[in-house]
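Q: What follows is a structure written as C-alpha cells; I'll ask about it next.
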Amino acid sequence: MQSSFQFLKSIPKILSGEKGITGLETAIVLIAFVVVSSVFAFAALSTGMFASDKARETISAGLAQTRASMQLKGSIIGTANSATATGTMTTISFHVAQTAGGADVDLTPGTTTVRYTDENQHKLFSSTTGLTVTPVGSSDSDNLLENNEVYKIELINLDTSLHDTDNDTLKTALGIKTTFTLELVPIKGAVLHLERTTPVSMNIINFLD
C-alpha cells in the first residue's frame, strides 16, 4: 500500500519532466538536418551530372573537328600548257574518298574550300570560277561525299586571269621546281593537307607523287 502511495506521489514529477520533449525536439532537428542534407546532395549530384554531360558534348565536338573525314585517293595530277621547262600548270586535280567511319562531307564549292600556298602566294579557291567538284563512277551528283563514293576536286584556269588579290585565281603562274600545298577545308571535320613539288621540266600530264 505504501509503495502504491509513493508511485502516485511521483506521477506529477514524471508529467512535469522535459526529457521526453527534449528527445522529440532533437529527433525533429535531426530529421530536418537529414532532409536538408539530402536536398543539397541531390542538387550537387545533379549539377555534377550536368557538368559531365556538357564536358562530354564539348569533347565530342572537339573530336568531330579533329577527326579526318576525307582521304586522298590516288595521285595529284597537274596539267601543263606545254611540255617544256617554261611550261606552267593549267589545272591541278585529285580524288578524295571518305575515311573509314568518317562523316559525310559537303564538297559544294563555297561550303568546302581549297587553300593554295606556295613561295609566291596564298590564295583561296571557293567558287566554281576556280574550283570544280565532279562525282566519279557510281557516286551521285549531290556533292555530298558519302561512304563508297569518290569525287574529283580540280583547280582550274591556273595560268589565266592571274590577279594579286582575287580569289579563285593565282597571283603567279605555277612553274617548275615549286613546292606548293593544298588544304581542302570542309565546313566540319579536319582539313585534308597535301604538299607536292612540280617537276624540273613539265609534261602535259604530270603525276605529282
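The values are calculated or read from the model by the stated rules, or taken from the named source; none is laboratory data. Source: prediction; values computed, not measured. Note that we place each Cβ from the backbone using ideal geometry, even for glycine, and neighbour counts take in every protein chain shown.
Q: Among the numbered criteria (1) part of a strand (DSSP E or B); (2) of a type in the set (Ser, Thr, Tyr); (3) over 22 Å from the mean Cα position of the chain (by Cα), which one does Thr172 miss?
A: (1)
Q: Could you list, in sequence order, the residues of the range 103-137 that are assigned to a loop (DSSP other than H, G, I, E, B) and either polar (S, T, N, Q) or farther than 18 Å from Val150 by Cβ (or both)?
A: Passing the criteria: Thr108, Gly110, Thr111, Glu119, Asn120, Ser126, Ser127, Thr128, Thr129, Gly130.
Q: Oh, and also: Name the pairs whose Cβ atoms lie under 6 Å apart, with the first residue in the range 113-126 and under 24 Å from Lys152 (Cβ atoms), the second loosely packed, with under 14 Cβ neighbours inside 10 Å, and 6 or more positions between them or separate chains?
A: That search, which allows pairs on different chains as well, returns Thr117/Thr181; Ser126/Gly110.
Q: When you scan the range 142-151, do you find a residue that is modelled with pLDDT of 95 or more, under 22 Å from Val200 (Cα atoms) and aromatic (Phe, Trp, Tyr), even just one?
A: No: the range 142-151 contains no residue that is modelled with pLDDT of 95 or more, under 22 Å from Val200 (Cα atoms) and aromatic (Phe, Trp, Tyr).
Q: Would you please name the residue that is nearest to the chain's Cα centre (by Cα), looking only at residues in the range 194-207 that are surrounded by 12 or more Cβ atoms within 10 Å (Cβ to Cβ) and assigned to a strand (DSSP E or B)?
A: The selected residue is Leu194.
Q: Same structure, new question: Considering only the range 147-164, how many residues are under 15 Å from Thr129 (Cα atoms), in a loop (DSSP other than H, G, I, E, B) and under 30 Å from the mean Cα position of the chain (by Cα)?
A: Within the range 147-164, residues that are under 15 Å from Thr129 (Cα atoms), in a loop (DSSP other than H, G, I, E, B) and under 30 Å from the mean Cα position of the chain (by Cα) number 1.
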